[in-house]
Amino acid sequence: GSPPMIVALSVATAAGSSNKWPIRAPHADKVPASFDCEMRKAAYDYGRKLLPRLGSFESLYYALGLNGPGCTAPMRGADATSPFQPEPAPSGSIFVSPAGDDEGAGTEATPLRSIQLACDRAAASAARTVVLRGGTHFLSSTITLNASHSNLRVMAHPGEVPVVSGGVELKVAWRPHDVGRRNAANETTNIWVADVSGVDDIPGLQIDGVRATRARYPNLPGGIEVSPGYGGMVSEKDADWTPPDFNKFGPVHFYTDNASSHDRPNGGWFEHYMIGVGGLCSVYDPPVSYWCSRHPSGGGAFAFRTPSGVTPK
């Protein structure tokens with residue numbers, strides 16, 4: 001048989017920074033420290049509203065340096081109140097639960113397990129509503145919707161938080177691999193491994209609902225793709241690189257605002273509003289970014305195109 005597949009996890013803690021944002025901008029020294037700090041706080045609040053499922057959004061909190069001496073803000077959990085009041089499920093809705101059974105009737109007492117089956121049944125019902133119970137709904141195949149599903153509604157059960165995942169649930173036992181050792185950079189190693197035999201590929205890893213960092217170089221604190229900045233990268237000539245797999249997530253959809261009235265003359269840099277969606281942008285959450293647009297300017301333009309392998313010279 002084939003050898004077991006081992007996944008390694010690197011656990012790291014990001015340190016706070018009092019540097020002003022944007023980093024290395026010529027006008028950074030002219031930006032009042034109080035304004036810079038308030039903008040970071042606003043970015044943190046916006047991020048939590050954009051992705052409420054991440055709760056306190058710890059990785060964003062540390063990425064913005066809100067634990068530093070020059071700018072400190074409390075890390076907040078999920079908002080206690082919400083302007084959105086849950087609506088009751090209409091009569092005749094089809095219910096789905098991660099612990100359901102597709103032999104069931106699809107009622108609240110006997111929910112189905114398959115979202116696809118629930119959508120198909122709901123499309124033929126008067127309520128045309130699928131209600132997802134709390135928990136993680138793992139998909140074994142793509143949900144297919146066509147014209148017959150028009151006006152179908154999929155909603156969360158009132159007061160519950162369902163998550164639909166295209167991932168594979170792993171039941172593993174983590175064991176220390178390289179923990180507590182001081183490496184050449186005087187950093188404490190913290191690498192754990194687990195046997196995941198039977199899994200062909202692991203493009204992303206989450207532990208208890210939080211994106212985790214698989215062991216890699218350069219390290220990726222918090223599981224967020226970022227550029228470490230100049231001086232934090234391995235030079236091309238200092239290693240042999242295996243090219244990225246550009247087709248791994250499919251094509252990127254590019255959008256560029258070419259309206260002349262929207263231009264911002266800047267010597268050829270950052271003059272048009274543009275983004276990329278999907279494809280390689282999938283390393284971001286949500287999967288959209290300026291940095292994976294068609295022709296981005298700036299030093300971080302291709303930081304998300306991570307090589308698939310490297311051998312230092």
**Fill in**
Quick count over segment 93-123, residues being over 28 Å from the mean Cα position of the chain (by Cα), without any contact (Cβ under 8 Å) to a residue 24 or more places away in the chain and assigned to a loop (DSSP other than H, G, I, E, B), is 11
**Message:** The conditions are (1) at pLDDT 90 or above; (2) in contact with a His (Cβ under 7 Å, 6 or more places away or on another chain), and Arg175 fails exactly one of them. Which is it?
**Reply:** (2)
**Prompt:** What is the number of the single condition among (1) open to solvent by 80 Å² or more (accessible area, probe 1.4 Å); (2) more than 25 Å from Gly55 (Cα to Cα); (3) of a type in the set (Gly, Ala, Ser) that Ala127 does not meet?
**Reply:** (1)
**Request:** Looking for whichever is under 15 Å from Pro158 (Cα atoms) and of a type in the set (Gly, Ala, Ser) here; the options are Ala99, Ala123, Ala89. Which one fits?
**Result:** Ala89
**Message:** Can you report the number of residues in segment 148-168 which are charged (D, E, K, R) and either open to solvent by 80 Å² or more (accessible area, probe 1.4 Å) or at positive phi (or both)?
**Reply:** 1
**Message:** Could you go through segment 210-230 and let me know if any residue there is at pLDDT 75 or above, open to solvent by less than 50 Å² (accessible area, probe 1.4 Å) and more than 18 Å from the chain's Cα centre (by Cα).
**Reply:** no
**Asked** Do we have Val161 as aliphatic (A, V, I, L, M), modelled with pLDDT under 90 and under 24 Å from Ser91 (Cβ atoms) here?
**Response** yes
**Fill in**
When restricted to Asn247, Asn258, Asn190, Asn186, the only residue open to solvent by 80 Å² or more (accessible area, probe 1.4 Å) and either at pLDDT 80 or above or outside any loop (DSSP other than H, G, I, E, B) (or both) is Asn258
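Conditions tested, residue by residue: (1) farther than 22 Å from Gly209 by Cα; (2) out of contact with any His (no Cβ under 9 Å at 6 or more places or on another chain).
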| site | (1), (2) |
| --- | --- |
| Pro88 | yes, yes |
| Asp101 | yes, yes |
| Ala105 | yes, yes |
| Pro111 | yes, yes |
| Ala118 | yes, yes |
| Arg133 | no, no |
| Ser141 | no, yes |
| Ala147 | yes, yes |
| Ser150 | yes, yes |
**Prompt:** Can you tell me which residues in segment 124-148 are outside any helix (DSSP H, G or I), farther than 21 Å from Ser165 by Cβ and hydroxyl-bearing (Ser, Thr, Tyr)?
**Reply:** Ser125, Thr129
**Message:** I'm checking my understanding of the structure. Among residues of segment 231-244 that are open to solvent by less than 80 Å² (accessible area, probe 1.4 Å) and among the aliphatic types (A, V, I, L, M), which one is farthest from Lys313 (Cα to Cα)?
**Reply:** Val234
**Message:** Let me confirm something: among Leu139, Leu145, which residue is touching a Gly at 6+ places or on another chain (Cβ under 9 Å) and either surrounded by fewer than 17 Cβ atoms within 10 Å (Cβ to Cβ) or within 14 Å of Gly92 (Cα to Cα) (or both)?
**Reply:** Leu139
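The values are calculated or read from the model by the stated rules, or taken from the named source; none is laboratory data. Every value quoted in this text rests on a predicted model; they were computed, and no experiment measured them. Cβ atoms come from the backbone with ideal geometry, glycine included; neighbour counts cover every protein chain shown. Side chains included, ligands, DNA and RNA excluded: accessible areas come from the protein's heavy atoms. Shrake-Rupley method; radii C 1.70, N 1.55, O 1.52, S 1.80 Å.
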